[in-house]
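Peer 1: Sharing a structure below in C-alpha coordinates format, with a few things to ask.
The values are calculated or read from the model by the stated rules, or taken from the named source; none is laboratory data. Predicted, not measured: the structure shown is a model, and the values here were computed from it. Neighbour counts run over all protein chains shown; Cβ positions are idealised from the backbone, glycine included. The accessibility values were calculated without ligands, DNA or RNA, using every heavy atom of the protein model including side chains. Shrake-Rupley method; radii C 1.70, N 1.55, O 1.52, S 1.80 Å.
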Amino acid sequence: MPIHDHPDMTVCSKVLYGKVHVEAYDKAPDLQDRLELDPAQVLAARQVTDTVVSEDSEAFALFCESNNIHRFSAVESCAILDVLGPPYDSEEGREIAYYRKMLLKELGAEQGNAGPAAAANGDNGDVVVLQKVNPPSDYVVEGREYTGEQVK
(Lines give C-alpha, C1' and ligand atoms only; values in the text may rest on other atoms or scores of the structure.)
Protein backbone atom coordinates (compact mmCIF):
# COMPACT_ATOMS: atom_id res chain seq x y z
CA MET A 1 0.00 0.00 0.00
CA PRO A 2 1.28 3.48 -0.69
CA ILE A 3 1.81 5.92 2.18
CA HIS A 4 -1.63 7.25 3.08
CA ASP A 5 -3.65 8.74 5.91
CA HIS A 6 -7.05 8.43 7.57
CA PRO A 7 -7.86 12.02 8.63
CA ASP A 8 -9.85 12.35 11.85
CA MET A 9 -10.28 8.57 11.94
CA THR A 10 -9.10 5.72 14.14
CA VAL A 11 -7.98 2.45 12.55
CA CYS A 12 -7.53 -0.86 14.31
CA SER A 13 -5.47 -3.36 12.29
CA LYS A 14 -4.73 -7.05 12.75
CA VAL A 15 -2.52 -9.21 10.54
CA LEU A 16 -4.52 -12.37 9.84
CA TYR A 17 -1.62 -14.27 8.28
CA GLY A 18 1.83 -13.54 6.92
CA LYS A 19 4.23 -10.71 7.70
CA VAL A 20 3.85 -6.98 7.04
CA HIS A 21 6.35 -4.13 7.32
CA VAL A 22 4.62 -1.15 8.99
CA GLU A 23 5.93 2.40 8.70
CA ALA A 24 4.03 5.19 10.46
CA TYR A 25 4.53 8.93 10.69
CA ASP A 26 3.26 11.79 12.83
CA LYS A 27 2.92 15.32 11.49
CA ALA A 28 5.64 17.70 12.69
CA PRO A 29 4.02 21.17 12.73
CA ASP A 30 7.13 22.68 14.36
CA LEU A 31 9.19 21.67 11.32
CA GLN A 32 6.39 22.54 8.90
CA ASP A 33 6.62 26.17 10.03
CA ARG A 34 10.44 26.29 10.12
CA LEU A 35 10.73 24.93 6.59
CA GLU A 36 7.93 27.14 5.28
CA LEU A 37 6.24 24.19 3.58
CA ASP A 38 2.83 24.51 1.91
CA PRO A 39 0.64 22.06 3.90
CA ALA A 40 -1.66 21.65 0.90
CA GLN A 41 1.24 20.01 -0.99
CA VAL A 42 3.75 18.62 1.53
CA LEU A 43 3.90 17.68 5.20
CA ALA A 44 6.89 17.60 7.51
CA ALA A 45 6.71 14.38 9.54
CA ARG A 46 8.64 12.22 11.96
CA GLN A 47 8.77 8.46 11.54
CA VAL A 48 7.41 6.89 14.73
CA THR A 49 7.02 3.25 13.70
CA ASP A 50 9.25 1.01 11.58
CA THR A 51 8.57 -2.63 12.38
CA VAL A 52 7.47 -5.98 11.00
CA VAL A 53 4.26 -7.52 12.35
CA SER A 54 2.71 -10.94 11.83
CA GLU A 55 -0.34 -12.96 12.83
CA ASP A 56 1.46 -13.59 16.15
CA SER A 57 1.51 -9.84 16.86
CA GLU A 58 -1.27 -8.10 18.74
CA ALA A 59 -3.70 -5.82 16.94
CA PHE A 60 -2.44 -2.25 16.64
CA ALA A 61 -4.16 1.10 16.30
CA LEU A 62 -3.63 4.26 14.29
CA PHE A 63 -5.17 7.33 15.88
CA CYS A 64 -6.21 10.78 14.63
CA GLU A 65 -3.00 12.41 15.87
CA SER A 66 -0.54 9.49 16.11
CA ASN A 67 0.63 6.91 13.59
CA ASN A 68 -2.12 8.12 11.26
CA ILE A 69 0.06 8.48 8.16
CA HIS A 70 1.36 5.02 7.33
CA ARG A 71 2.30 2.37 4.81
CA PHE A 72 1.97 -1.41 4.87
CA SER A 73 4.39 -3.45 2.73
CA ALA A 74 4.07 -7.22 2.44
CA VAL A 75 7.17 -9.06 3.63
CA GLU A 76 5.45 -12.29 2.58
CA SER A 77 1.95 -13.19 1.42
CA CYS A 78 -0.41 -11.66 3.98
CA ALA A 79 -3.86 -10.38 4.84
CA ILE A 80 -4.76 -7.48 7.13
CA LEU A 81 -8.12 -6.75 8.71
CA ASP A 82 -8.73 -3.01 9.18
CA VAL A 83 -11.64 -1.59 11.15
CA LEU A 84 -12.06 2.16 10.56
CA GLY A 85 -14.20 4.73 12.26
CA PRO A 86 -15.83 7.02 11.61
CA PRO A 87 -16.18 6.16 7.91
CA TYR A 88 -14.67 8.18 5.09
CA ASP A 89 -16.74 11.27 4.31
CA SER A 90 -15.30 13.99 2.06
CA GLU A 91 -17.96 16.45 3.23
CA GLU A 92 -16.70 15.98 6.81
CA GLY A 93 -13.01 16.27 5.77
CA ARG A 94 -12.33 12.55 6.03
CA GLU A 95 -10.90 11.86 2.59
CA ILE A 96 -7.79 9.73 2.16
CA ALA A 97 -4.59 11.34 0.87
CA TYR A 98 -1.57 9.56 -0.59
CA TYR A 99 2.05 10.60 -0.17
CA ARG A 100 5.54 10.11 -1.54
CA LYS A 101 8.36 10.14 1.02
CA MET A 102 11.23 12.57 0.51
CA LEU A 103 14.20 12.97 2.83
CA LEU A 104 14.79 16.52 3.99
CA LYS A 105 18.11 16.59 2.16
CA GLU A 106 16.17 15.88 -1.08
CA LEU A 107 13.91 18.86 -0.37
CA GLY A 108 16.97 21.06 0.17
CA ALA A 109 18.52 19.83 -3.08
CA GLU A 110 15.28 20.48 -4.98
CA GLN A 111 15.14 23.99 -3.53
CA GLY A 112 18.83 24.53 -4.33
CA ASN A 113 19.64 25.06 -0.65
CA ALA A 114 19.98 22.31 1.92
CA GLY A 115 20.47 24.82 4.77
CA PRO A 116 17.03 24.90 6.45
CA ALA A 117 16.38 21.24 5.67
CA ALA A 118 19.72 20.09 7.05
CA ALA A 119 19.34 22.27 10.14
CA ALA A 120 15.85 20.92 10.83
CA ASN A 121 16.93 17.32 10.35
CA GLY A 122 20.15 17.44 12.37
CA ASP A 123 21.24 13.86 12.97
CA ASN A 124 17.66 12.56 13.08
CA GLY A 125 17.03 10.31 10.10
CA ASP A 126 13.43 10.01 11.26
CA VAL A 127 12.38 13.36 9.77
CA VAL A 128 10.87 13.24 6.29
CA VAL A 129 8.79 15.36 3.98
CA LEU A 130 5.66 13.72 2.61
CA GLN A 131 4.56 15.07 -0.76
CA LYS A 132 0.89 14.60 -1.64
CA VAL A 133 0.48 12.53 -4.81
CA ASN A 134 -2.20 10.67 -6.71
CA PRO A 135 -2.41 6.95 -5.91
CA PRO A 136 -0.70 4.62 -8.40
CA SER A 137 -2.91 3.96 -11.42
CA ASP A 138 -2.97 0.21 -10.67
CA TYR A 139 -3.88 0.69 -6.99
CA VAL A 140 -7.46 -0.33 -6.18
CA VAL A 141 -9.26 -0.13 -2.83
CA GLU A 142 -12.51 -1.97 -2.36
CA GLY A 143 -14.65 -1.26 0.67
CA ARG A 144 -17.63 -3.17 1.89
CA GLU A 145 -20.46 -1.99 4.08
CA TYR A 146 -20.82 -3.92 7.32
CA THR A 147 -24.08 -5.86 7.21
CA GLY A 148 -23.70 -7.91 10.38
CA GLU A 149 -25.26 -7.52 13.77
CA GLN A 150 -25.28 -4.10 15.43
CA VAL A 151 -22.12 -3.54 17.46
CA LYS A 152 -22.71 -2.01 20.88
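Peer 1: Can you pull out the residues in segment 27-46 that are assigned to a strand (DSSP E or B) and surrounded by 17 or more Cβ atoms within 10 Å (Cβ to Cβ)?
Peer 2: So the first thing to find is which residues in segment 27-46 are assigned to a strand (DSSP E or B), and the list is 27, 42-46.
27, 42, 43, 44, 45 - these are the residues of segment 27-46 that are assigned to a strand (DSSP E or B) and surrounded by 17 or more Cβ atoms within 10 Å (Cβ to Cβ).
Peer 1: On the given criteria, is residue 77 open to solvent by 80 Å² or more (accessible area, probe 1.4 Å), on the phi < 0 side of the Ramachandran plot and touching a Gly at 6+ places or on another chain (Cβ under 8 Å)? Break it down stepwise before answering.
Peer 2: Values: open to solvent by 80 Å² or more (accessible area, probe 1.4 Å): yes; on the phi < 0 side of the Ramachandran plot: yes; touching a Gly at 6+ places or on another chain (Cβ under 8 Å): yes.
For residue 77, the condition - open to solvent by 80 Å² or more (accessible area, probe 1.4 Å), on the phi < 0 side of the Ramachandran plot and touching a Gly at 6+ places or on another chain (Cβ under 8 Å) - is met.
Peer 1: Next question, about the same structure. Of the residues that sit in segment 88-103 and are more than 23 Å from residue 47 (Cα to Cα) and in contact (Cβ under 8 Å) with a residue 24 or more places away in the chain, which one is surrounded by the most Cβ atoms within 10 Å (Cβ to Cβ)? Steps first, please.
Peer 2: First, pick out the residues of segment 88-103 that are more than 23 Å from residue 47 (Cα to Cα): 88-93.
Adding the requirement that they be in contact (Cβ under 8 Å) with a residue 24 or more places away in the chain leaves 88, 92-93.
On the way: 88: 14, 92: 11, 93: 8.
Looking at residues that are more than 23 Å from residue 47 (Cα to Cα) and in contact (Cβ under 8 Å) with a residue 24 or more places away in the chain, I get 88.
Peer 1: Starting from segment 131-152, take each residue that is closer than 25 Å to residue 38 by Cβ and list its partners that are modelled with pLDDT under 85 and assigned to a loop (DSSP other than H, G, I, E, B), counting only C-beta distances under 9 angstrom and pairs at least six apart or across chains.
Peer 2: Pairs that qualify, where the first residue is closer than 25 Å to residue 38 by Cβ and the partner is modelled with pLDDT under 85 and assigned to a loop (DSSP other than H, G, I, E, B), are 131/41; 132/40; 132/41; 135/141; 139/1.
Peer 1: Something else about it: Of the residues 83, 20, 11, which single one is more than 11 Å from the chain's Cα centre (by Cα), open to solvent by less than 20 Å² (accessible area, probe 1.4 Å) and within 21 Å of residue 146 (Cα to Cα)?
Peer 2: 11
Peer 1: If we keep just the residues of segment 47-65 that are of a type in the set (S, T, N, Q) and open to solvent by less than 40 Å² (accessible area, probe 1.4 Å), which is nearest to the chain's Cα centre (by Cα)?
Peer 2: Our first condition is that a residue be of a type in the set (S, T, N, Q); within segment 47-65, this holds for 47, 49, 51, 54, 57.
After this cut, where a residue has to be open to solvent by less than 40 Å² (accessible area, probe 1.4 Å) as well, the list is 49, 54, 57.
Numbers: 49: 10, 54: 19, 57: 20 Å.
Ranking the candidates gives 49 first.
Peer 1: Assess whether residue 78 counts as being in contact (Cβ under 8 Å) with a residue 12 or more places away in the chain, within 19 Å of residue 143 (Cα to Cα) and hydrophobic (A, V, I, L, M, F, W, C).
Peer 2: yes
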